[in-house]
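Report on the structure given below.
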Amino acid sequence: IQYEVKRQSTTSKSINTSILPGVESFGEAILFILDKKLLDIWCENDEVIKSASKIRSRAQASQRKYIRRLCTTITPQFLLIHTLSHIIIKELEYVCGYPAASLKERLYVSDKMLGFMIMAIEGTEGSLGGLVSQCDDLENLNRIINSAIERAKDCSSDPICENSDGQGVENLNLAACYSCALLPDISCEIFNSFLDRNLLIDKDFGLFKKEIS
C-alpha cells in the first residue's frame, strides 16, 4: 500500500526557500496506521463531533497565530490519533527502556492517511533497538496497545480530569492531564494541546470502548 505524505513547510516561502539548516539523525520508529473506514463511521457520533467542535472553536479564538492556523486540522480523527500517540508513548516507557522525553511523535492525518509514528533518535537515553524489537511479535505489540488503552481509563485526577470542560493552554484539551495523557513538551508535535482520552475510552462513544482483539 502506498501513502501520500502531505508537504509541510518550515518557512513562509514554502518550496521557494533556498537555504535550510539540517541535521542528519539515525534512529528507530514504529508507524501505526488506523482503519479509515472505521474512523469515518465513528466520527458520525454526536458526542464525538461535539468534543471536536468545542476544541476547534477555542483554537479559532486563540490569541496565538500558530494555534489559529491549526483550526482546519482539528477533526475527531486528529484528536483521537494525537491522544492515542500520547498514551502509547507513555506505555512504551514501561516496556522498552526509553523515558518519554526520548521518544517523539509524528502525526499523519489527511484525506489519504490516518496514522502516527513514534520514534527515538540516536543519542537519546535508552539503547537503539528497544523500540522496534516490540514489533517482532505482533501479539506483544497488541498487548502494549491494549495496556495503554486500559491505563488511560484510570487517571489519578479523575473524576475531575475525565469530566473536565477544558484544560491546558487556552483550554485546548478536554480529558487529558499530566497524570494520564500529557508528555514532555519536546516529545509532542503540537505543544501538548488537542487531546481528549474520552474519545478513546468513553463507554458510550470511545473508539476503544471494547477491548482490542
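Structure above, values below:
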| read-out | value |
| --- | --- |
| Gain on full stretching of the segment that runs from residue 29 to residue 179 - 0.36 nm per residue minus C-alpha separation | 51.5 nm |
| Tensor-based shape of region 4-77 (alpha-carbon gyration tensor, a/c under 1.5 rounded, otherwise prolate or oblate) | oblate |
| Estimated [θ] at 222 nm from DSSP helical runs (n ≥ 4, -39500 (n - 2.57)) normalised by residues in the chain, nearest 500 | -9500 deg cm²/dmol |
| Normalised contact order of region 147-197, rounded percent, pairs of Cα under 8 Å and 6 or more residues apart | 32 percent |
| Largest-first principal axis extents of the Cα set of the chain (Å) | 45, 43, 34 |
| Among the listed pairs 90/209; 36/153; 50/104; 65/210; 37/209; 50/203, those beyond 27 Å (Cα-Cα) | 50/104; 65/210 |
| Average projected area [Cα convex hull, region 59-179], square nanometres | 8.9 nm² |
| Relative contact order [Cα under 8 Å, 6+ residues apart], the chain, whole percent | 24 percent |
| Stretch gain in nm, segment residue 142-residue 189, where the contour uses 0.36 nm per residue and the Cα spacing is subtracted | 14.5 nm |
| Percent RCO, i.e. relative contact order, over region 46-136, from Cα pairs under 8 Å lying at least 6 residues apart | 21 percent |
| 3J(HN,Hα) from dihedral phi, region 74-88, Karplus parametrisation 6.51/-1.76/1.60, rounded to Hz, x for glycine, proline | 7, 10, x, 4, 5, 4, 5, 5, 5, 5, 4, 4, 5, 6, 6 |
| Surface accessible to a 1.4 Å probe, residue 73 within the full protein complex, Å² | 50 Å² |
| Separation in nanometres of the label points that stand 7 Å from Cα toward Cβ, at residue 117 and residue 43 | 2.3 nm |
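The values are calculated or read from the model by the stated rules, or taken from the named source; none is laboratory data. Given the structure is predicted, the values throughout are model-derived calculations rather than measurements. We place every Cβ from the backbone using ideal geometry, glycine too, and count neighbours over all the protein chains shown. The accessibility values were calculated without ligands, DNA or RNA, using every heavy atom of the protein model including side chains. Shrake-Rupley method; radii C 1.70, N 1.55, O 1.52, S 1.80 Å.
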